[in-house]
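Chemist: Please see the structure below; I have some questions.
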Amino acid sequence: SQQGEEDPQALSIQEGENATMNCSYKTSINNLQWYRQNSGRGLVHLILIRSNEREKHSGRLRVTLDTSKKSSSLLITASRAADTASYFCATDAYTDKLIFGTGTRLQVFP
Amino acid sequence: GAVVSQHPSRVICKSGTSVKIECRSLDFQATTMFWYRQFPKQSLMLMATSNEGSKATYEQGVEKDKFLINHASLTLSTLTVTSAHPEDSSFYICSAQRAGDTGELFFGEGSRLTVL
């Protein structure tokens, strides 16, 4: 079964607004990652947060991790139409393989 | 950044034929590659883990005789869908882990297989 469940499944916002996506997972992890996928394309790595980190920033991205709740959030600030994509969290459960969450489809309207 | 090339990007074949998909790490060595399958508007489902020079490790429910994986070198892994049927139609994506790295995966652009 998939490791992560994401919420919401779909999100529609206007350009300039912030987008927040949440990910919950089931087992202990070494790290959690977020990936982006444009329609019909491969995945692009966005950010990795380790289990001993609580927050990480990268440009307009902010990721938080709460290991006690087994959850993470991805915040995209000042969204742009080009941010339209599916976003997936992925966890490793202390193995060498990543298990992906269900994904959030983000639509940013100009 | 590291580049993974996946080929072909699209393939259409007749039922009963076999299709080979290649995954190459272009500018790094990949001791481990992963093969995923993705249905429309769904997440990626891990099919198998491919380690250079050894047999692939398949996830539960994935037929190893159906989906043959070979990782002959540190830069190339192949997935062969044997005796393809329409239900095998899907988007297949490979990813590679750089030797010595733990964590970030580098993905190919995916291969869309349509079996008629």
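What follows draws every value from the coordinates through simple rules; no lab data is involved. In this text the structure is predicted, and so the values were computed from the model without any measurement. Every residue, glycine among them, receives a Cβ derived from its backbone with ideal geometry; neighbour counts consider all protein chains shown.
Chemist: Along the Cα-to-C-beta direction of B:I12, a point sits 7 Å from the Cα; which residues of the range B:86-100 have their amide N less than 18 Å from that point?
Modeler: Only B:86-92 pass the distance filter.
Chemist: Skipping prolines and chain starts, which residues have an amide H placed within reach, meaning under 5 Å, of the one on A:A93, given they are 5 or more residues away or on another chain?
Modeler: For A:A93, whose amide H was placed from the backbone, the distant partners under 5 Å are A:N30, A:N31.
Chemist: OK, next. Enter the per residue convex hull volume of the protein assembly as shown, computed from alpha-carbon coordinates, in Å³ rounded to the nearest integer.
Modeler: Numbers: hull volume 26.7 nm³, N = 226.
Each residue corresponds to 118 Å³ of Cα convex hull volume.
Chemist: For the range A:43-50, in order, what is each residue's ³J(HN,Hα) by Karplus, 6.51 cos²θ - 1.76 cosθ + 1.60 with θ = phi - 60°, in whole Hz (x at glycine and Pro)?
Modeler: Karplus values, whole Hz, x for Gly and Pro: 9, 10, 5, 9, 6, 10, 10, 8.
Chemist: Shielding by partners for A:42-48, please: the mean number of other protein chain Cβ atoms within 10 Å of each residue's Cβ. The partial results should precede the final answer.
Modeler: Working: counts 14, 11, 3, 8, 1, 1, 3.
The shielding value for this peptide is 6.
Chemist: So who's got an amide H within less than 5 Å of the one on A:E17, skipping anything under 5 residues away but keeping other chains? H placed 1.01 Å off N, in plane.
Modeler: A:S79
Chemist: If you count, for every residue in B:41-54, the Cβ atoms of partner chains within 10 Å of its Cβ, what is the mean? Write down the numbers at each step before the final one.
Modeler: Working: counts 6, 5, 15, 11, 3, 6, 0, 1, 3, 0, 1, 0, 0, 0.
For this peptide, the per-residue mean of nearby foreign Cβ atoms is 4.
Chemist: How would chain A be classified by its alpha-carbon gyration tensor: rounded, prolate or oblate, with rounded meaning a/c under 1.5 and the a/b versus b/c comparison settling the rest? Don't jump to the answer; show the numbers that get you there.
Modeler: Working: a/c = 1.95, a/b = 1.57, b/c = 1.24.
It comes out prolate by the Cα gyration axes.
Chemist: Continuing with the same structure: Using the basic label-point model (7 angstrom from Cα toward the beta carbon), what is the B:Q60 to A:T20 distance in nanometres?
Modeler: 3.5 nm
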